[in-house]
Amino acid sequence: MAVLPVLTWGDPRLKQNSQDIGEWTPELEKLVADMFETSLFEEGVGLAAPQVGVNLNLAVIDCSCGEDPDQRIILINPEIIREEGVQSGSEGCLSIPGIREELERPQKVTIRNRTRDGGWQELTGEDLMARAFCHEIDHLRGRLFVEYFGPVKRQFLQRKYQKQTKG
Ligand code: NI
């Protein structure tokens, strides 16, 4: 397993629509292991393939941050099919280190997700899991969480981010 370099805010590759995955391969299995390793190393809850420069509808989520292997979820060609309620809470992204902001998300989210053996499953998540589903699926559509804010707030965050990146 390897920790992969994570693309950061401003990289055009984070703005692309990702491609659906066809057949599951050993290369994808290795990529997923590396993505879990990277997410854990960076102390994230999830990581989407575009963040490591791979333009595929693939993401990993681990709300236990490495504490419980059973909580590892692999999103393959995921789609949100149901949203309920609203939660507000602080959100961050490994591609925008150092920036955390309050963002409303649905409280409960159900997704349709492909499994590695080519089947389909429905997964329902609440609270942090629901937030992670939305956040990672947004990455696959080329969207970062800061894009939910208006231009003034976004520019403020961008300046703050650039300032701290330069040290
Ligand atoms: Ni992110």
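The values are calculated or read from the model by the stated rules, or taken from the named source; none is laboratory data. Quick caveat: nothing in here was measured; it's all calculated off a predicted structure. Note: ideal-geometry Cβ built from the backbone for every residue, glycine included; neighbour counts use all protein chains shown. Quick note on the areas: whole protein, heavy atoms, side chains included, nothing else; ligands and nucleic acids left out. Shrake-Rupley method; radii C 1.70, N 1.55, O 1.52, S 1.80 Å.
Output the residue which, of all residues in the stretch 48-63 that are surrounded by 14 or more Cβ atoms within 10 Å (Cβ to Cβ) and small (Gly, Ala, Ser), is farthest from Thr8 (Cα to Cα). Break it down stepwise before answering.
Taking the stretch 48-63 and keeping what is surrounded by 14 or more Cβ atoms within 10 Å (Cβ to Cβ), we get 48-52, 54-63.
From the residues that got through so far, the ones that are small (Gly, Ala, Ser) too are 48-49, 59.
Working: Ala48: 12, Ala49: 13, Ala59: 16 Å.
Across the stretch 48-63, the extreme among qualifying residues is Ala59.
With respect to Glu126, is the statement that it is more than 16 Å from the ligand (Cβ to nearest atom) and open to solvent by 20 Å² or more (accessible area, probe 1.4 Å) true?
For Glu126, the condition - more than 16 Å from the ligand (Cβ to nearest atom) and open to solvent by 20 Å² or more (accessible area, probe 1.4 Å) - is met.
Quick one: is Asp117 over 14 Å from the mean Cα position of the chain (by Cα), under 29 Å from Val3 (Cα atoms) and surrounded by 13 or more Cβ atoms within 10 Å (Cβ to Cβ)?
no
Could you pull out the residue among Ile111, Ile81, Ile73 that is more than 16 Å from the ligand (Cβ to nearest atom) and open to solvent by 10 Å² or more (accessible area, probe 1.4 Å)? So that I can check it myself, show each step before the final result.
On the way: Ile111 fails: open to solvent by 10 Å² or more (accessible area, probe 1.4 Å); Ile73 fails: more than 16 Å from the ligand (Cβ to nearest atom).
Only one candidate qualifies: Ile81.
Looking at the stretch 97-105, can you tell me whether even one residue there is away from the ligand (no atom under 15 Å from the Cβ), open to solvent by 60 Å² or more (accessible area, probe 1.4 Å), over 16 Å from the mean Cα position of the chain (by Cα) and within 21 Å of Cys65 (Cα to Cα)?
yes
Under 8 Å between Cβ atoms, which residue pairs at least 6 apart in sequence (or on different chains) link something in the stretch 24-47 that is at pLDDT below 95 and open to solvent by less than 50 Å² (accessible area, probe 1.4 Å) with a partner that is within 12 Å of the ligand (Cβ to nearest atom) and in a loop (DSSP other than H, G, I, E, B)?
Pairs found: Gly44/Leu94.
Check the stretch 157-167 and report whether any residue there is assigned to a loop (DSSP other than H, G, I, E, B) and either closer than 18 Å to Ala49 by Cβ or at pLDDT 95 or above (or both).
No: the stretch 157-167 contains no residue that is assigned to a loop (DSSP other than H, G, I, E, B) and either closer than 18 Å to Ala49 by Cβ or at pLDDT 95 or above (or both).
What are the residues in the stretch 36-58 that are more than 12 Å from the ligand (Cβ to nearest atom) and not polar (S, T, N, Q), if any?
Scanning the stretch 36-58 gives Phe36, Glu37, Leu40, Phe41, Glu43, Gly53, Val54, Leu56, Leu58.
Mind listing whichever residues of the stretch 9-23 are surrounded by 16 or more Cβ atoms within 10 Å (Cβ to Cβ) and either more than 24 Å from Arg143 (Cβ to Cβ) or within 15 Å of the chain's Cα centre (by Cα) (or both)?
Trp9, Leu14, Ser18
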